[in-house]
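Beneath this line is the structure, given in structure tokens, with notes to follow.
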Amino acid sequence: MGNNILKGKKGIIFGALDERSIAWKVAEKCHEEGATFVLTNAPIALRMGTINKLAEATNAEIIPCDVSLDADMKNLVDQSMEKLGGKLDFVLHSVGMSLNIRKKNPYTALNYDFMHKTLDISAMSFHRLLQTCYNADALNEWASVLGLTYIASQRVFPDYSEMAEAKSLLESIARSMGYHYGKAKKVRVNTISQSPTMTSAGSGVGGFDAFMTYAEHMSPLGNASAEDCANYCVSLFSDYTRMVTMQNLFHDGGFSFTGVSAEVMDMMKPSGE
């Protein structure tokens, strides 16, 4: 049972593919807290996933959107305002794709056409979303826009490959657009740097299972779950965080500020010691 902290708020949630998706959990929590929203994903993802089940459970409309196309983004924003009956109060950008990772191209042998697509879909789309909303005056004052990111934007995780650059760009866009949108309309823009989470997208990164175990041992509180992340998103969509903007907010159980843990040290000791 929620507390209705999002009662009356309207929004858009990108990226709910299946029940493992962080965006799926966010949609469930937003619905529980009284929000109404539109769900969106790429047309191919809508065919592959089970988003209709989520839409039915949350009384949400589904509007397809190829985030690399200006026209699709404009249609999404315009249609969302029409269906929801006015300007928006929150948006979740949970979008990421790397063709080089899918094709198992090593970081030292990237296909640059693929890399352009990765940056466009995973990061430039965040700017496209914000600029489209800005030009359409689609967000209410004190609206909150969130993008999901990962600590590989700032530290080296070899198998994360070109997605590290994409997440770095995403975080930079949040800062820059957060300034401009905040000055003009008092709109908040932040990114959440989440623990490694076993989603359909995350499981495509090489060695992901092993890294989740490592992060669990490194983090004083353990890894933050998708449901934990959804709760954090709700708090940032609410009026309780009105003065938080332009931030990259770590939501990782303390991993980001832990040099080494006793558990990891124990794992490194020679056997028998």
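The values are calculated or read from the model by the stated rules, or taken from the named source; none is laboratory data. Keep in mind that this is a model prediction, so the values were computed, not measured. When we count neighbours, we look across all protein chains shown, and the Cβ atoms used for this are built from the backbone with ideal geometry, even at glycine.
Comparison of Phe250, Phe257 shows that the only residue that is closer than 22 Å to Ala152 by Cβ, without any contact (Cβ under 8 Å) to a residue 12 or more places away in the chain and hydrophobic (A, V, I, L, M, F, W, C) is Phe257.
Looking only at the range 1-27, residues that are crowded, with 19+ Cβ neighbours inside 10 Å and either closer than 25 Å to Tyr150 by Cβ or free of Cβ contacts under 8 Å to residues at least 24 places away in the same chain (or both) come to 14 in all. Exactly one residue out of Ser144, Ser153 is touching a Lys or Arg at 6+ places or on another chain (Cβ under 6 Å) and within 18 Å of Asp120 (Cα to Cα): that is Ser153. For the range 116-137, a residue qualifies if it is of a type outside the set (Phe, Trp, Tyr) and crowded, with 23+ Cβ neighbours inside 10 Å, and the qualifying residues are Thr118, Ser122, Ala123, Ser125, Leu129, Leu130, Cys133.
The residue that is farthest from Ser235 (Cα to Cα), counting only those in the range 1-34 that are assigned to a loop (DSSP other than H, G, I, E, B), out of contact with any Asp or Glu (no Cβ under 8 Å at 6 or more places or on another chain) and aliphatic (A, V, I, L, M), is Leu17.
Of the candidates Ala230, Ala164, the single residue that is touching a residue at least 24 places away in the same chain (Cβ under 8 Å), out of contact with any Cys (no Cβ under 7 Å at 6 or more places or on another chain) and in a helix (DSSP H, G or I) is Ala230.
When restricted to residues that are free of Cβ contacts under 8 Å to residues at least 60 places away in the same chain, surrounded by fewer than 17 Cβ atoms within 10 Å (Cβ to Cβ) and either under 18 Å from the mean Cα position of the chain (by Cα) or not in a helix (DSSP H, G or I) (or both), the range 69-103 contains 2.
Just one of the listed residues (Met198, Met267) is under 21 Å from Pro158 (Cβ atoms) and under 19 Å from the mean Cα position of the chain (by Cα), namely Met198. In the set (1) modelled with pLDDT under 95; (2) among the β-branched types (Val, Ile, Thr); (3) farther than 16 Å from Ile101 by Cβ, Thr199 fails one condition alone, (3).
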